[in-house]
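Single-structure report; data block below.
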Amino acid sequence: MSLIIDNISFSYGDRTILNRLSLEVPTGTTTAVVAPSGAGKSTLLRIIAGLFTPSSGSIILDGKNLSLVPTHLRSIGMVFQDNQLFPHLNVYDNVMFGLRMAKTEKMIAAERCRDLLNLVGLSEIAKQSVATLSGGESKRVALARSLAPSPKLLLLDEPLTGLDSELHDRLALDLQQILHATSTTALLVTHSIPEAEIISDSIHRLQTTVDIVPDGEKK
Amino acid sequence: MVGHRFEMKIRSVRFFVIPAAILVFVTAVIPLIVLATSVIDKADIFSVWTHSSVRRALVFSLWQALLSTAFTIFLGVIATWHLSRYQFFGRRTFIALVTVPFVLPTVAVGAAFIAVLPKALHHSTLAIVLAHIFFNISIVVRTVGPRWNSIDDQLIDSARTLGASPLQTWRHVIMPLGKNAIFSATALTFFMCFTSYGIITILGGPGLATVDIEIYRRAVQLGDLSGATVLAIAQMLLIAITFLLWSRSRSTELVLFRAQAISHRRLSLAPKCFLLALAAFFTVPLLALLAASMRTRDTWSLTGWKVFLGIQKQRGIDFNMWQAIQTSAKYALIASCIALPTGIAATYALSHRRSSHSRLSAFVILPLAISPVVIGLAILITYDFHPFDFRSSWLLIPVIHAAIALPFVMRSALPVVEGIPNDLRSAASTLGAGPWRRFLTVELPLLKPAISTGLAFSLAMSLGEFGATSFLTRRESRTIPIIIASLFGRAGDIPRTTGMAASLVLIVSTAMIVVTIDRKSHI
């Protein structure tokens with residue numbers, strides 16, 4: 001399930017945000033794109049998810065061009081920077097959301113949901129309101145929620161921003177292990193090279209409005 | 001010692017609620033107790049329901065209110081979603097267009113629908129339902145709009161990345177997040193339609209009377225005070241239930257959303273057409289009113305305006321329009337002078353006492369839960385003996401207007417008052433500002449939006465108030481809505497055209513007052 005980003009450009013008004021960007025994410029691996037703030041990292045993820053339309057170029061997942069496929073049919077999950085948990089649903093129902101949308105059979109969905117909550121270590125607080133969660137817990141719920149519908153590709157937008165340093169390091173390791181355990185194909189964008197080194201298998205650098213510069217395979 | 005003094009200050013804020021409480025006591029609580037205990041003939045508790053006119057009024061009130069509420073909520077929800085989430089040309093004007101009608105004078109809006117609809121529909125359920133939609137869409141926009149406006153775009157994006165189609169996103173994310181607000185908008189709309197009085201006075205007719213109309217008819221035309229009171233109390237109980245449901249939700253603040261929070265997404269063609277049609281729905285009746293005010297006996301003529309302005313005399317039309325304008329303006333100013341400080345002070349007290357918040361606010365907001373007609377009737381009965389014979393005092397009407405405006409002042413002030421962070425107050429104190437200095441230099445400037453919205457509401461409510469006023473008005477001090485209703489109650493073309501002219505003047509001046517004073521919160 002490889003992802004190919006082919007010559008993507010994106011402008012907002014007169015401002016060019018991405019300029020002929022190309023990148024490949026091999027199946028079952030985690031690729032990181034490292035760039036400073038304002039370089040268009042989030043924009044790139046939004047284009048892949050189908051939330052923004054690129055001015056040119058194409059996104060190809062598993063050999064299929066996604067240009068005309070709406071977001072909800074792309075099977076691309078996304079962990080947002082500030083999690084975006086549904087405030088009207090508890091932890092369990094947030095994780096169940098994607099499975100409900102896909103009309104997954106109830107027993108199977110419930111089991112998958114329990115497995116994921118176990119995986120992220122939150123099965124104890126499944127019935128809690130998301131308003132009561134700590135930063136780390138919210139992040140884990142967001143991760144479990146986006147993994148639940150078994151997306152072909154998972155996008156991670158600065159997933160560890162805003163966490164204190166101890167939690168940050170622990171969660172980075174957990175994230176790497178979870179992505180590995182679930183053999184998820186993932187694309188991570190971050191401004192932190194150490195974070196990218198822990199979580200991902202390969203790292204690319206993105207400079208402002210310039211093509212991606214490969215940084216070589218990680219050992 | 002310091003702790004003790006601080007405690008004192010906090011406690012003294014609580015007393016700010018007293019003026020509002022007195023106002024509500026005098027205009028609602030005491031009259032209602034008197035109404036419930038003094039005039040009811042026990043036999044009437046059962047026998048009043050045997051009158052066919054009462055049963056018809058009850059059925060019609062319920063039926064037209066359900067129908068009006070259903071359409072209002074349906075159209076309002078669609079409009080609100082687009083207004084709260086999308087940027088488009090003329091958005092500000094559109095928001096003013098759909099939100100201002102709520103404060104327009106009911107009788108004048110009734111006249112506008114007479115002007116726009118063909119004669120066959122003048123006294124029909126359809127006309128009533130349309131006028132109710134015209135009025136109450138504003139409630140949906142004002143209550144649901146801020147809620148939806150605050151939803152982060154990314155939350156909707158995240159639903160989509162989880163595989164939710166646009167329809168599923170609506171069902172599982174957008175609607176649940178707006179649920180409480182929609183629920184309270186539904187309850188408030190139902191209440192407004194059920195107790196509709198001004199609109200029905202103009203657009204109703206045989207078989208098209210609501211309970212409020214029946215109360216007026218029994219009390220004033222038939223002299224059956226006991227029967228009218230039984231109806232009034234029964235109606236109050238029904239409304240109390242609706243009202244309880246309404247006040248349970250906190251998303252009932254009548255504020256509008258901020259422009260800067262809206263997304264940059266553009267509207268597609270279908271919603272554009274919908275909003276355009278809605279804009280027409282809000283403007284055409286007013287244009288028709290203008291046209292109708294210049295047509296007498298099927299020809300263009302300014303007779304209506306001449307009679308209205310007193311330039312031309314007409315047999316049977318004996319009012320002095322200038323005097324009516326003066327009376328209306330005087331009442332509106334006095335009502336605002338009472339409602340505004342009382343309401344803001346009470347809101348202030350309530351926001352400091354969160355524990356008793358809901359109980360107190362339910363109490364002060366009581367006048368909203370009682371139809372103005374019932375208040376009018378109750379006051380008519382209560383204050384007619386020495387030394388409390390206030391009925392002859394002209395001050396009584398503006399005081400009642402203030403009580404009716406009070407809940408609206410408070411509802412619009414509450415979010416602003418609560419939005420002032422406590423730390424800001426503390427910061428001012430640590431910089432040496434005493435409680436009064438702090439209030440004058442920090443809090444009062446921040447309260448400005450609440451004051452202007454409250455002022456706009458109270459002026460508009462008083463200018464258009466018809467239900468309570470119709471019971472208490474005196475010949476020499478009739479307000480414009482009272483005169484409009486009496487003109488429409490007369491046969492002939494000229495009284496009607498004159499009524500159209502008066503309605504237009506009242507609508508335009510109310511809208512201008514609201515838009516000018518409350519400009520900031522309409523953006």
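The values are calculated or read from the model by the stated rules, or taken from the named source; none is laboratory data. The shown structure was predicted, so the numbers you read here are calculated from the model rather than taken from an experiment. We place every Cβ from the backbone using ideal geometry, glycine too, and count neighbours over all the protein chains shown. Just so you know, the surface numbers come from the protein's heavy atoms only, side chains and all, with ligands and any DNA or RNA stripped out. Shrake-Rupley method; radii C 1.70, N 1.55, O 1.52, S 1.80 Å.
What the table shows:
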item	result
Complete set of residues in region A:97-121 that are at the interface with another protein chain (Cβ under 10 Å from one of its Cβ atoms) and part of a helix (DSSP H, G or I)	A:F97, A:G98, A:L99, A:R100, A:M101
Strands (runs of 3 or more DSSP E) contained entirely in region A:1-94, each with at least 2 residues that are basic (K, R)	A:15-25
Hey, A:L44 surrounded by fewer than 23 Cβ atoms within 10 Å (Cβ to Cβ) and under 25 Å from A:A196 (Cβ atoms) or not	no
Given (1) under 19 Å from the mean Cα position of the chain (by Cα); (2) part of a loop (DSSP other than H, G, I, E, B); (3) among the aromatic types (F, W, Y), index of the condition B:F408 fails	(2)
Residue match in region B:153-176 (condition: at pLDDT below 90 and of a type in the set (A, V, I, L, M, F, W, C))	no
Test: residue in region B:492-500 that is in contact with a Ser or Thr (Cβ under 8 Å, 6 or more places away or on another chain), surrounded by 19 or more Cβ atoms within 10 Å (Cβ to Cβ) and among the basic types (K, R)	no
Criterion violated by B:L208 - all others in (1) more than 14 Å from every other protein chain (Cβ to nearest Cβ); (2) crowded, with 20+ Cβ neighbours inside 10 Å; (3) not acidic (D, E) satisfied	(2)
Residues located in region B:187-203, provided they are closer than 15 Å to B:A127 by Cβ and in a helix (DSSP H, G or I)	B:C193, B:G198, B:I199, B:I200, B:T201, B:I202, B:L203
Test for A:S37: is it open to solvent by 60 Å² or more (accessible area, probe 1.4 Å) and closer than 21 Å to A:P194 by Cβ	yes
Unique match (being assigned by TED's automatic domain parsing to the domain that holds B:L414 and over 16 Å from the mean Cα position of the chain (by Cα)) among B:S503, B:S477, B:S452	B:S452
Unmet criterion (only one of (1) within 14 Å of chain B (Cβ to nearest Cβ); (2) in a loop (DSSP other than H, G, I, E, B); (3) open to solvent by 10 Å² or more (accessible area, probe 1.4 Å)) for A:A131	(2)
Test set (1) farther than 24 Å from B:T516 by Cα; (2) surrounded by 24 or more Cβ atoms within 10 Å (Cβ to Cβ); (3) in contact with a Pro (Cβ under 6 Å, 6 or more places away or on another chain) - B:A112 fails condition number	(1)
Residue within region B:508-520 that is of a type in the set (G, A, S) and at pLDDT below 90 present	no
Odd one out for B:P176, checked against (1) buried (at least 24 other Cβ atoms within 10 Å of the Cβ); (2) at the interface with chain A (Cβ under 10 Å from one of its Cβ atoms)	(1)
Count of region A:61-86 residues which are within 7 Å of chain B (Cβ to nearest Cβ) and within 26 Å of B:R147 (Cβ to Cβ)	6
Filter pass, B:R217 being over 27 Å from B:V116 (Cβ atoms), open to solvent by 50 Å² or more (accessible area, probe 1.4 Å), within 14 Å of another protein chain (Cβ to nearest Cβ) and not in a loop (DSSP other than H, G, I, E, B)	no
Single condition A:S58 does not satisfy, out of (1) more than 14 Å from chain B (Cβ to nearest Cβ); (2) over 30 Å from A:Y12 (Cβ atoms); (3) open to solvent by less than 50 Å² (accessible area, probe 1.4 Å)	(2)
Residues being more than 14 Å from chain B (Cβ to nearest Cβ) and either open to solvent by less than 40 Å² (accessible area, probe 1.4 Å) or free of Cβ contacts under 8 Å to residues at least 12 places away in the same chain (or both) - total across region A:141-163	2
Residue tally, condition touching a helix residue (DSSP H, G or I) at 6+ places or on another chain (Cβ under 8 Å) and open to solvent by 60 Å² or more (accessible area, probe 1.4 Å), over region B:12-48	8
